[in-house]
Every structure is written in structure tokens, then in C-alpha cells.
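The values are calculated or read from the model by the stated rules, or taken from the named source; none is laboratory data. Just so it is clear, the model here is predicted, and its values are computed rather than measured. No Cβ is skipped: glycine too gets one built from the backbone with ideal geometry, and neighbour counts run over all protein chains shown.
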Amino acid sequence: MPMDESGGRVSRLWPAAFGCWACWAFALLATICVVLLPAPHDLQAVDMACTAATLVATVVLLSTARRAGANDRRWRLLVALTTFGGFLIASANSWHGIVHGADVYNEIQLVHATFLLAYLPALAGLLLLPSELVLARAGPRSLPRPHGRHWYVITVLDSALIVGSGALVAWSTLLAPVVHRTTLSRPALAIVFSSIAIGLVLVVVAALLATARRPRSLPTLILLAAGMAVMSVTMGVYLYLAAATNGVVPAAVHLGYLVSWLLMISAALVPPPPGPLPSEPSPQTGTWVFSVRAVLPYLAFGAAGAVTLTRLATGARADELDFFGLIGLLVFLVCRQLATIGENARLLSLVDSSRRELHHQAFHDPLTGVANRALFAVRLEQAVAAHVRDHRRLAVLYCDIDDFKQINDNLGHSVGDALLQVVAGRLQHGTRDTDTVARLGGDEFAVVLGGAGGDPEPVARRLGNIMRAPFHLGEHSYPVGISLGLVVSELSPGAGDHGATTVTADSLLRDADIAMYAAKRAKRGGLVVRRAGRPASDSPIQLGGQLAAALRGEPGNGTLDVVYRDVVDLRDGRVVAFDAGPCWNHPEIGRVDAGRLYRLAGRGGLARAIDTFLLQRCCEDLGHDTAYASCAGVDADVDRPAVLVPISAGRAAEPSMATEILEALAERGLPPRVVVPAFSAGAAEVGDLVAARNVLGQLRRSGVRCALTEAAGDAATLRLLRLLPIDIIRLDAALTSVDGEVPANRDAGEAAAGAGAGSRGGGEGDPTLADTIRSALVGAAIRRGLTVIAPAVRGERQEHRLAADGCQLGEGPLYDRARQGRRRHGPALV
């Protein structure tokens with residue numbers, strides 16, 4: 001335990017300990033006075049001691065309530081009202097004892113029954129004692145939290161039934177014969193007997209509370225219940241002795257009252273536990289406890305009724321109190337049943353409300369409130385069934401937010417969540433009540449547009465126009481593109497079972513997804529409409545399968561090739577290397593560039609196969625000396641320029657990658673320097689940097705140089721440069737613009753990477769910042785002896801500026817235009 005917590009705990013406990021010792025020292029002093037003093041001074045001493053104890057109890061409760069929290073303050077104030085009533089009663093007793101030198105009980109009148117009201121605040125204080133719900137170990141957590149007012153009423157009625165039944169049995173078997181012989185007045189008997197019963201009711205209430213709730217301060221509840229119990233027992237002993245001895249009761253009996261008030265003072269001195277109430281109930285009680293607690297009032301009432309009926313059956317004389325008491329208990333029982341019905345009705349209402357809430361949570365998205373994937377699947381299956389049965393037109397709209405990841409990364413997840421909520425709201429307001437808007441996950445939404453009337457295409461276009469409006473998120477407005485894909489299915493009456501087999505929920509959702517990706521490729525915020533069941537040669541799923549087949553060499557799926565781009569020396573324009581990239585000549589859609597090819601490969605898990613194809617093809621092309629020399633414009637006996645071969649960044653830590661490169665070079669007898677594996681610094685994570693350093697170190701020791709591409713000058717790039725054995729870096733395209741010129745990336749893949757690098761490097765729209773980052777990064781690379789390649793070189797002015805900054809090599813559209821028409825044969829050296 002920390003020192004401050006220990007010291008705080010001690011500082012809270014020592015006043016309570018000191019107060020308790022003082023209380024019981026006072027009790028010992030009062031006991032000594034009662035033993036040593038003669039009558040009636042012994043009675044006067046104990047009455048004055050009770051007066052002082054009640055006053056101290058009231059002061060302690062009020063002072064501790066002032067410093068206690070809101071939950072702990074209420075019961076202290078209520079019990080203080082009871083102790084103040086006890087102070088008034090004790091003061092009256094003391095005054096009567098001093099003036100008359102006799103016990104006050106013979107002077108009790110019926111009007112004094114008003115003092116019984118002093119017990120009511122204590123009853124309320126017990127019910128409001130801070131506690132947490134206790135559930136059964138077995139069974140579901142079905143009890144409400146917190147308990148309603150019905151439960152507290154039931155607890156009081158149960159206590160009254162238990163105590164009343166016990167009091168009726170005690171009266172019939174023990175007290176009635178003795179009381180009839182006493183000289184104690186009837187009002188005194190009634191008031192004392194009622195005080196005993198009410199005190200026992202408080203004790204039973206405390207016991208019942210402990211079965212269903214766990215008090216935060218168990219010592220407080222025990223001390224309060226013990227004080228009430230001692231007071232009730234003392235009154236019972238007094239009543240019995242007064243009845244048996246004609247009012248001659250020893251003064252020592254009155255010490256029980258003193259002990260009861262001192263127990264309440266001790267309860268008030270117990271410091272409340274720190275911290276708020278627990279938010280969740282904790283199961284800790286067996287189910288049998290709740291069962292006994294539920295049947296106990298009925299058992300007590302049954303016992304009282306059985307005793308009364310037994311006396312009647314045996315011919316014993318029944319007292320009027322027996323009948324009136326039994327009728328009163330029956331009234332309590334009826335009230336208890338009515339309160340139970342009310343509590344059960346409240347429980348059923350809570351269960352029904354919880355069931356509806358759980359049902360809503362199970363089928364709705366918690367962030368946007370629209371349907372989730374589960375409810376969407378059910379509604380789509382129902383719509384397809386009605387579509388096939390009634391030949392209704394059915395359409396499914398698929399929506400995806402463009403560049404949602406960049407919005408999350410740059411603006412924060414809270415803005416991303418707000419954007420999702422706005423998109424869901426616009427979709428709901430733009431559709432009918434019979435349509436189903438759902439969030440399928442992430443930034444993907446889908447809408448089921450069912451019904452026989454209306455053309456769904458205008459609805460989709462209207463939604464597209466709504467989505468193109470700027471999104472107001474917080475204090476700013478953002479233009480966000482939403483790609484929409486619509487699939488429409490129409491069955492003619494003669495379609496029969498054939499239509500039922502071709503149109504399914506999965507096929508509609510797949511076609512809508514294909515249309516959405518087609519819209520995403522076409523332009524931002526566009527809409528692509530498709531007819532259900534028609535194959536799409538450009539769908540990502542179908543293209544992924546065809547790409548896998550093309551990599552395996554299966555005919556009919558197009559051919560994979562390699563595109564080489566010149567890497568020139570910025571000082572003299574000489575071609576010193578080539579940058580290799582894959583391309584796919586598809587039989588239907590034509591040429592698929594490297595950016596789209598890499599996206600398809602990443603989606604289908606084909607990145608490793610693309611790496612292997614590139615490496616093998618580049619080594620094969622480098623092995624053709626004559627063709628290579630003619631295409632490169634160099635003599636065969638001149639050293640071959642190197643080829644940068646892109647390799648997935650995640651493979652940099654795999655020893656098998658180094659083995660594959662070295663074996664490919666050895667198989668064709670190529671020198672190690674002609675192949676330069678290039679790993680992206682802005683794409684995938686490299687992974688285990690220690691393992692990557694060992695793998696790349698093995699390649700360097702074998703003579704193979706390694707390159708790091710898309711170097712943006714951010715922390716991740718600098719870390720890779722510091723830890724990995726890199727010989728060549730190629731800058732990110734966003735760092736090579738000059739005087740505000742935005743570079744044109746060679747494909748969509750580089751465009752996405754360039755945008756990410758711009759956000760990392762300070763923004764491509766700020767040329768001064770880009771120049772600063774480029775100069776710092778190039779200077780650091782030169783100091784480490786690295787070769788720097790500047791991509792996206794578009795003009796001679798940019799070329800001169802990059803060379804002046806220290807970039808040795810360059811590539812880009814400037815050199816692609818200069819070499820057009822010169823390469824005619826060979827390994828696709830475009």
C-alpha cells in the first residue's frame with residue numbers, strides 16, 4: 001500500500017476508534033454508577049446517561065453527514081432524526097425520575113404513542129443505506145438495478161409480517177397470561193409492546209436487506225441492526241419483568257437502552273469506504289437464500305394462523321388481540337401481494353424493454369443506427385423471395401466512401417465517425433420507409449430498393465447528388481466522394497424457376513459490389529448501374545481469379561509482361577539503370593497497369609507470385625546479351641546497367657527472399673550488381689527490422705545492392721535508412737516537384753502513395769516545405785554514401801534543380817518521351 005493511502009486510511013480510522021473506546025468507557029462508567037448508587041439514584045443515573053448518549057449520537061450523525069457523500073449523507077440525517085426523538089424521550093424520562101424518583105412507565109398515556117413515529121426515519125435510513133445489488137450465483141442476471149419502490153415496500157411488509165406473526169405467537173403463548181396479572185397501564189403496555197415490534201421490524205429489515213443487497217459498509221449495517229435489536233430485547237425484558245413483578249424492574253435493565261444508543265454512535269463513527277458505488281452487480285449469494293427470503297413471510301403468517309387455530313381447536317379461550325392481530329396480518333399479506341404484482345409488472349416491463357433494446361442492438365449498427373449486416377441479409381432474402389414470387393423489380397445499391405482511411409488518418413477517428421453518421425442519415429432521408437439502409441462494415445453501406453413501382457436508377461442518381469454535397473463536420477466543410485454501385489434485377493412472368501436459381505441475395509450483393517468498384521475506378525462520387533446476372537469481366541473478384549490463372553500460365557487469361565523505364569544520370573543524360581514494373585495484357589479490358597495489378601494481387605494474396613514473376617523475367621531478359629545490348633543502346637561487352645526489381649516490403653525479413661534472388665542470378669550467370677531489389681518505404685510495413693537487417697546484409701555481402709523506394713523523409717523512412725543496409729534510395733514523387741508543380745505519377749498506385757507521402761512530408765501543395773525536406777533527405781543520403789534517384793522528372797528545369805540539390809539519377813516522363821521509337825525489339829523496353 002502506498003504511504004499516502006496508508007496514512008489517509010489511518011487518519012480516517014483513528015477518530016472512529018477513539019470514539020468507540022470513549023463510548024464503551026462511558027458505558028462502563030454508567031454500569032458502575034448503577035451498581036454502586038442506591039435506588040432511585042441508580043435509575044436517574046442511567047436515564048441521564050441515555051440522555052447524553054442520544055444527544056451525542058445526534059451530534060455525531062449530523063457532523064459526519066456534513067462531511068459524507070450524497071449517498072452516505074441521507075441515512076445519517078434520517079437516523080439523526082430518530083436519535084433526536086430518543087433524546088426527547090430520554091430527557092422526559094430523566095426529568096420524571098429526578099422530580100418523582102420513580103419509573104416513568106406508569107405515567108405513560110395514549111398520547112405518548114406519537115413518540116413511535118421516531119422509528120420511521122430510522123426505517124427509511126436503513127432502506128437508503130448505500131449498497132449494491134447482489135445476484136444469485138446460478139441463473140441469469142434478471143433482477144433490476146437499482147431496486148424500485150415496490151421492492152422497498154415489499155421488504156417493509158415482509159418484515160412487518162414476520163415480526164407481527166412472531167409477536168402474535170409470543171402474545172398467545174407467553175405474554176398474554178403474564179400481562180393480565182400486571183398493574184402496568186394499558187397505554188403503557190400497548191406503547192411498549194408496539195416499540196418492541198417496530199424495533200424488531202427494523203432488525204428484520206436490515207437482515208432482509210443483507211440478503212438482496214450488499215452494503216458498502218457492512219460494520220455500519222451490523223451496528224445499526226444490533227442497536228435496534230438491543231433496544232427491542234431491552235423493551236421485551238422490561239415488559240416481561242414489569243408484568244411478572246407488578247412494575248418492579250431493576251435499574252440495570254435500563255442499561256440496554258444505553259447500549260443501543262452507543263451502538264448507533266459507533267455505526268455513525270464508521271468511516272464510509274472511499275470510491276463510488278460499483279456500476280455492475282456482483283453475484284455472491286446462492287439461490288436458496290432468495291427462495292427462503294421469498295417464502296419466509298408466508299411461513300411466519302402460517303405459523304401464527306396455525307397457533308390461533310390450534311388454540312381454538314383445543315377449546316382454549318381466544319383473546320380479542322388474536323383475532324384483530326390475525327386480521328391485521330392478513331391485510332398486510334394482501335398489501336404485500338399487491339406490491340408484488342406491481343413489482344412483477346415493473347420487472348416484466350423492464351424485461352420487455354431490455355428485449356427490445358437487445359433486439360435492436362443485435363440488428364442495428366451502434367454508431368449510425370441503421371441496420372447491420374445481419375438485418376440486411378434477412379431483409380435482402382425477403383426481398384429476393386418476393387421478387388421471385390411476385391416478379392417485382394428489385395435493386396441493391398452499394399456505397400463506399402472514397403479515401404476513408406486517409407480521412408481517418410489525417411482528420412481523426414472522431415471526424416470519420418461523424419462522416420459515417422452523416423452518410424447514413426443522408427441515405428435514410430433519401431430513401432423510402434420500405435427500403436432498408438444498412439452499414440455492412442467500415443465505410444461500406446448498402447440499400448435494398450424493393451417494391452413494384454418506380455425505377456430505382458433515378459433514386460440512386462438522386463442519392464448520388466445528395467452525397468456530392470459537402471459534408472459539414474464540426475466547424476469545417478469537406479468534399480467527400482461516394483462511389484455508388486447499383487444492380488437491378490427484373491424477372492418476367494415467364495422466367496419461372498430459371499430466374500429463381502440465377503437471382504440470389506449473394507449474387508445481387510456481389511454484382512452491386514462489382515458495380516461500386518467500377519464506379520470507384522471511374523471517378524469520385526460516380527454511379528455505375530448493372531443488370532443482375534450479367535458477368536463483369538472487370539470485377540475485382542473475377543480479375544483476381546484471372547490474374548492467378550495468368551500467373552500460372554493458363555491460356556485465355558492474357559499475358560504478363562514487364563515494363564522497363566529508363567533511369568538516367570542527371571549530369572550527362574546517360575542511361576545507367578532500368579526500373580522494372582509488371583503489366584497485364586488482359587484479353588477483354590486491355591492493358592492493366594502496375595497500380596491496379598498490385599491492388600488485385602494484394603486483394604487475392606498474389607503479391608509473392610508477382611515478385612517471383614518480376615525477378616525471373618528480369619533475370620531472363622538480362623540473360624539475353626544481344627537483345628539486351630540492342631535495346632539498351634550499349635555494346636554487349638560493356639557492363640550492363642542495373643535493373644530495379646520491386647519486391648514486397650514484407651518479404652525483406654524473409655531469408656527465402658535472399659535465397660530466391662541469389663539462385664535466380666546464379667542460374668543465368670548474372671553478376672550480383674545487375675539486380676537491385678527495391679522495397680517500398682511507404683507501402684507495407686517491413687516487419688521485423690532485425691531480421692530484415694540480417695537478410696539485406698546477406699545480400700550486400702553477396703554483392704547485391706538494395707534500394708528503398710518512395711522515401712518521403714518521414715520518421716519511418718529515416719528509421720529504415722538508419723537500421724537497414726541500403727545502397728540506393730528513390731525519393732517519393734511528392735518531393736520532386738519544383739515551384740509548386742504537382743508531379744504526375746505514373747499510375748494510380750503511385751498516386752495514392754504520393755498523396756500519403758505528401759501528408760507525411762508536409763503536403764505537396766507547399767513547395768518550400770517539399771524543397772526543405774528533399775534537401776535534408778538528399779544531404780543525409782549523400783553523407784551515408786547512398787545513390788539518390790529522383791522520380792517523376794517532367795522537364796529540364798526540374799532536372800537541373802534536382803541535380804543541383806544532389807540527386808545523381810532521375811526517371812520520369814522526360815526520359816520516356818526522349819526514348820520513344822528507339823527500342824524496337826527485346827524484353828518490352830518501352
If a residue must be of a type outside the set (S, T, N, Q), surrounded by 20 or more Cβ atoms within 10 Å (Cβ to Cβ) and closer than 16 Å to PRO121 by Cα, how many such residues does region 53-73 contain?
3
Please indicate, with yes or no, whether at least one residue in region 432-447 is out of contact with any strand residue (DSSP E or B) (no Cβ under 6 Å at 6 or more places or on another chain), closer than 21 Å to TYR517 by Cβ and either of a type in the set (A, V, I, L, M) or buried (at least 17 other Cβ atoms within 10 Å of the Cβ) (or both).
no
Being out of contact with any helix residue (DSSP H, G or I) (no Cβ under 8 Å at 6 or more places or on another chain) and either modelled with pLDDT under 70 or not in a helix (DSSP H, G or I) (or both), is that true of even one residue in region 318-330?
yes
Please verify whether region 136-153 includes one or more residues that are at pLDDT 80 or above and in a helix (DSSP H, G or I).
yes
Please list, ordered by first then second residue, the pairs with beta carbon atoms under 6 Å, 6 or more apart or interchain, first in region 18-35 and in the same structural domain as VAL56 (by TED's automatic domain parsing) and closer than 14 Å to TYR257 by Cα, second surrounded by 17 or more Cβ atoms within 10 Å (Cβ to Cβ) and at pLDDT below 80.
VAL34/ASP42; VAL34/ALA251
Selection status of LEU116, at pLDDT 55 or above and part of a loop (DSSP other than H, G, I, E, B)
no
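One line per residue, one yes/no per condition, for (1) of a type outside the set (Val, Ile, Thr); (2) without any contact (Cβ under 8 Å) to a residue 12 or more places away in the chain; (3) under 19 Å from ARG373 (Cβ atoms):
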site	(1), (2), (3)
ALA395	yes, no, yes
TYR398	yes, no, yes
GLY412	yes, yes, no
VAL422	no, no, no
ARG426	yes, no, no
VAL447	no, no, yes
PHE471	yes, no, no
Among ALA377, ALA306, which is the only one that is in the same structural domain as VAL396 (by TED's automatic domain parsing), at pLDDT 80 or above and either in contact with a Phe, Trp or Tyr (Cβ under 9 Å, 6 or more places away or on another chain) or not in a loop (DSSP other than H, G, I, E, B) (or both)?
ALA377
Can ASP443 be described as more than 28 Å from GLU490 (Cβ to Cβ) and touching a Cys at 6+ places or on another chain (Cβ under 9 Å)?
yes
Counting only residues that are surrounded by 14 or more Cβ atoms within 10 Å (Cβ to Cβ) and either out of contact with any helix residue (DSSP H, G or I) (no Cβ under 7 Å at 6 or more places or on another chain) or closer than 14 Å to ILE401 by Cβ (or both), which one in region 448-457 is modelled with the lowest pLDDT?
GLY451
Of those in region 458-472 that are charged (D, E, K, R) and at pLDDT 85 or above, the residue surrounded by the most Cβ atoms within 10 Å (Cβ to Cβ) is ARG461
Looking at (1) surrounded by 15 or more Cβ atoms within 10 Å (Cβ to Cβ); (2) of a type outside the set (Val, Ile, Thr); (3) at pLDDT 80 or above, find the lone condition where LEU367 falls short.
(1)
Sole residue being more than 18 Å from GLY595 (Cα to Cα) and at pLDDT below 85, chosen from GLY749, GLY779, GLY826
GLY826
What residue, among those in region 382-404 that are of a type in the set (A, V, I, L, M) and farther than 22 Å from ARG521 by Cα, is surrounded by the fewest Cβ atoms within 10 Å (Cβ to Cβ)?
ALA385
Scanning for something in a loop (DSSP other than H, G, I, E, B) and closer than 19 Å to GLY526 by Cα, does region 439-447 turn up at least one residue?
yes
In this structure, is VAL169 surrounded by 14 or more Cβ atoms within 10 Å (Cβ to Cβ), part of a helix (DSSP H, G or I), modelled with pLDDT under 70 and at negative phi?
no
Does region 401-408 contain any residue that is assigned to a loop (DSSP other than H, G, I, E, B) and either under 26 Å from the mean Cα position of the chain (by Cα) or assigned by TED's automatic domain parsing to the domain that holds SER477 (or both)?
yes
State which residue is nearest to ASP403 (Cα to Cα) when the search covers only region 524-541 and only residues that are at pLDDT 65 or above and surrounded by fewer than 18 Cβ atoms within 10 Å (Cβ to Cβ).
ILE541
Does region 413-431 hold any residues that are more than 17 Å from ALA469 (Cβ to Cβ) and exposed (fewer than 13 other Cβ atoms within 10 Å of the Cβ), and which are they?
HIS413, SER414
Taking the criterion of being at pLDDT 70 or above, more than 18 Å from ALA225 (Cβ to Cβ) and among the hydrophobic types (A, V, I, L, M, F, W, C), would at least one residue in region 180-188 satisfy it?
no
Within region 34-45, can one find any residue that is out of contact with any Leu (no Cβ under 8 Å at 6 or more places or on another chain), part of a helix (DSSP H, G or I) and closer than 30 Å to ARG216 by Cβ?
no
Mind checking which residues of region 36-65 are free of Cβ contacts under 8 Å to residues at least 40 places away in the same chain and not hydrophobic (A, V, I, L, M, F, W, C)?
PRO38, HIS41, THR58, SER63
Kindly establish whether GLY602 is free of Cβ contacts under 8 Å to residues at least 24 places away in the same chain and small (Gly, Ala, Ser).
yes
Considering residues that are under 17 Å from ARG531 (Cα atoms) and either of a type outside the set (A, V, I, L, M) or in a helix (DSSP H, G or I) (or both), the number found within region 381-398 is 8
Tally time: how many residues in region 504-519 are touching a helix residue (DSSP H, G or I) at 6+ places or on another chain (Cβ under 6 Å) and crowded, with 24+ Cβ neighbours inside 10 Å?
0
When you look at ASP400, is it closer than 30 Å to TYR152 by Cα and touching a Lys or Arg at 6+ places or on another chain (Cβ under 8 Å), yes or no?
no
Take the residues of region 479-495 that are among the aliphatic types (A, V, I, L, M) and within 15 Å of ALA469 (Cα to Cα): which is modelled with the highest pLDDT?
LEU484
